[in-house]
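A.B. asks: I am attaching a structure below and will ask some questions about it afterwards.
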Amino acid sequence: MTLPGSPFLARRDGSLQLDGVDLQALAQRFGTPLYVYSQAAMLDALASYQRALAGRRHLVCYAMKANSNLAVLQTFAQAGCGFDIVSGGELARVLAAGGRADRVVFSGVGKTRAEMLQALQVGVRCFNVESESELRRLSAVAREAGAVAAVSLRVNPDVDAGTHPYISTGLRENKFGIAHERAREVYRLAASLPGLKVVGIDCHIGSQITQTAPYLDALDRLLDLVEALEAEGIAIAHIDIGGGLGITYPDETPPRPGELVAQVLARMDARGHGQRELLLEPGRSLVGNAGVLLTEVLYLKPGPAKNFCIVDAAMNDLVRPALYEAWMAIEPLQQRATAAQRWDVVGPVCESGDWLGRERDLALAEGDFLAVLSAGAYGMTMASNYNTRPRAAEVMVVAGDAVLVREREPLVQLFGTERRLPTPSA
Ligand SMILES: *Cc1c(COP(=O)(O)O)cnc(C)c1O
């Protein structure tokens, strides 16, 4: 039986397996809540982009905020991937994982001076700049450091990505990017500032996008600008169309990465830009379907209005359902022959918004294990310690072996940096 989301996930003799490894055995060995990732599934997703880009000047920059575990970064770095980062902390992770700074693009609306300096010192490939003030500050920081910062402007193409408002970023009213109609003026400023060198143009229109049309619209808007800028003598070496391609959660039918890339390349060719380097910043589509969150059923609490299945994972481990009302498939690790009942699967956190799935038909008993599917992206990276809950452990399945890639957080680390007030002297 194949399951929604990933060809690497399958049920054999009633047991759920990820890339051939029995998940119940992992839950018992490492404890729950537990994130499990398939390295092969991640590499397969990357290959889908890379195959379509073969023979073209390109760089895939994995948007690591989707899942920034060092083992995940190492996996992508070794496969030739670059990284899209949004903080100095993420840059430090890339370097710790063995990634190359000259394959890093630095995005984000609020880079600090310290982060700019750090990125200049290690030599990131490009800063994706989002405002005039940021341009001026970056130029000043670069001059002080005796460096030149390579810049791309993040243009807001004002296209509707057709996704959830919290994850739509390419509309005029969003905080991101520089308005399309102001972009030429801001490029002129960039070209005039002494600490900067203009190298590209970028956009990122949203997340969990399930159509190609918004990308092609955004690309057209960028190409219009590139043509106008080059006519003025401002050369634009690369075009970066951002990330945002959706995954199956499981009702959605997004285009495969290869289809999206083929359409983008065809549009570039049709407009005479086939030689230009193309950058992409996929996050979710590289890792989302490669991971699951395992959890144990603590208590079954049938009630007059609803039946609650209380599990040991919560909104602090996986916030997507609470934050975006995201629907994520939930599967028992071992199938039961008993009849299914309808359950709300909820965590122990003291919030009514603490749920992982509502109205799910499941045959359950206390002590059973469940998997939340498609949890490889924006799962662990958005985890918190709310309710003083240590963050989950993470395991990666590598060629049939389960490797612990993050220990369960020790309790003492949760408040080890806190201080009690000094005892008042009487
Ligand atoms: C978050 C983000 C991405 C990746 O988005 P996904 O939806 O995970 O593909 C790419 N670029 C930028 C600038 C981002 O902020």
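The values are calculated or read from the model by the stated rules, or taken from the named source; none is laboratory data. Owing to the predicted nature of the structure, the values given are computational and were not obtained by experimental measurement. A quick note on method: Cβ atoms are made from the backbone with ideal geometry, for glycine too, and the neighbour counts reach across all protein chains shown. Areas reflect the complete protein model, heavy atoms only, side chains present, ligands, DNA and RNA absent. Shrake-Rupley method; radii C 1.70, N 1.55, O 1.52, S 1.80 Å.
A.B. asks: Filter the stretch 296-322 down to residues that are in a loop (DSSP other than H, G, I, E, B) and open to solvent by less than 60 Å² (accessible area, probe 1.4 Å), then give me how many there are. First the steps, then the outcome.
C.D. replies: Filtering the stretch 296-322 down to residues in a loop (DSSP other than H, G, I, E, B) leaves 302-307, 312-319.
Subset that is open to solvent by less than 60 Å² (accessible area, probe 1.4 Å): 303, 307, 312-319.
Of the residues in the stretch 296-322, 10 are in a loop (DSSP other than H, G, I, E, B) and open to solvent by less than 60 Å² (accessible area, probe 1.4 Å).
A.B. asks: Can you tell me how many residues in the stretch 140-154 are closer than 30 Å to ASP220 by Cβ and surrounded by fewer than 24 Cβ atoms within 10 Å (Cβ to Cβ)? Break it down into steps so the answer makes sense when it comes.
C.D. replies: Start the filter on the stretch 140-154 by keeping residues that are closer than 30 Å to ASP220 by Cβ, which leaves 149-154.
From what is left, the residues that are surrounded by fewer than 24 Cβ atoms within 10 Å (Cβ to Cβ) are 150.
Matching residues across the stretch 140-154 total 1.
A.B. asks: Another one. Looking at the stretch 324-335, is at least one residue of a type outside the set (A, V, I, L, M, F, W, C) and without any contact (Cβ under 8 Å) to a residue 12 or more places away in the chain?
C.D. replies: Yes, the stretch 324-335 contains at least one residue that is of a type outside the set (A, V, I, L, M, F, W, C) and without any contact (Cβ under 8 Å) to a residue 12 or more places away in the chain.
A.B. asks: Just for the stretch 198-225: of the residues that are loosely packed, with under 15 Cβ neighbours inside 10 Å and of a type in the set (D, E, K, R), which one is nearest to the chain's Cα centre (by Cα)? Steps first, please.
C.D. replies: As a first pass, look at the stretch 198-225 and keep what is loosely packed, with under 15 Cβ neighbours inside 10 Å: 213, 220, 224.
Among the residues that remain, those that are also of a type in the set (D, E, K, R) are: 220, 224.
Details: ASP220: 25, ASP224: 29 Å.
Ranking the candidates gives ASP220 first.
A.B. asks: I've got another one for you. If you take the residues in the stretch 229-240 that are of a type in the set (A, V, I, L, M) and exposed (fewer than 14 other Cβ atoms within 10 Å of the Cβ), which one is farthest from the chain's Cα centre (by Cα)? Lay out the reasoning, then the answer.
C.D. replies: Of the residues in the stretch 229-240, the ones of a type in the set (A, V, I, L, M) are 229, 231, 234-237, 239.
Still in the list and also exposed (fewer than 14 other Cβ atoms within 10 Å of the Cβ): 231, 235.
Values: ALA231: 36, ALA235: 30 Å.
The extreme case among them is ALA231.
A.B. asks: Which members of the stretch 249-291 meet the condition of being closer than 21 Å to ARG391 by Cα, among the hydrophobic types (A, V, I, L, M, F, W, C) and touching a Ser or Thr at 6+ places or on another chain (Cβ under 8 Å)?
C.D. replies: Across the stretch 249-291, the qualifying residue is only ALA290.
A.B. asks: I've got another one for you. Scan (1) of a type in the set (Val, Ile, Thr); (2) away from the ligand (no atom under 15 Å from the Cβ); (3) touching a residue at least 40 places away in the same chain (Cβ under 8 Å) for the single condition THR112 breaks and write down its number.
C.D. replies: Only one criterion is unmet by THR112, namely (3).
A.B. asks: On to the next question. SER374 passes all but one of (1) within 30 Å of LEU245 (Cα to Cα); (2) open to solvent by 20 Å² or more (accessible area, probe 1.4 Å); (3) hydroxyl-bearing (Ser, Thr, Tyr); which number fails?
C.D. replies: (2)
A.B. asks: Can you name the residue in the stretch 363-374 that is closer than 17 Å to ALA10 by Cβ and among the small types (Gly, Ala, Ser) and, of all such residues, is nearest to the ligand (Cβ to nearest atom)?
C.D. replies: SER374
A.B. asks: Assigned by TED's automatic domain parsing to the domain that holds MET396, touching a residue at least 12 places away in the same chain (Cβ under 8 Å), open to solvent by less than 30 Å² (accessible area, probe 1.4 Å) and on the phi > 0 side of the Ramachandran plot - does that describe any residue in the stretch 340-356?
C.D. replies: no
A.B. asks: Using beta carbons and a limit of 9 Å, which pairs, at least six apart or on different chains, have the first residue in the stretch 231-248 and farther than 22 Å from ASP217 by Cα and the second one of a type in the set (Phe, Trp, Tyr) and open to solvent by less than 10 Å² (accessible area, probe 1.4 Å)?
C.D. replies: Close Cβ pairs (under 9 Å, with a partner that is of a type in the set (Phe, Trp, Tyr) and open to solvent by less than 10 Å² (accessible area, probe 1.4 Å)) amount to GLU232/TYR187; ILE234/TYR187.
A.B. asks: Taking ASP19 as meeting all but one of (1) open to solvent by less than 40 Å² (accessible area, probe 1.4 Å); (2) in contact with a Ser or Thr (Cβ under 7 Å, 6 or more places away or on another chain), write down the number of the exception.
C.D. replies: (1)
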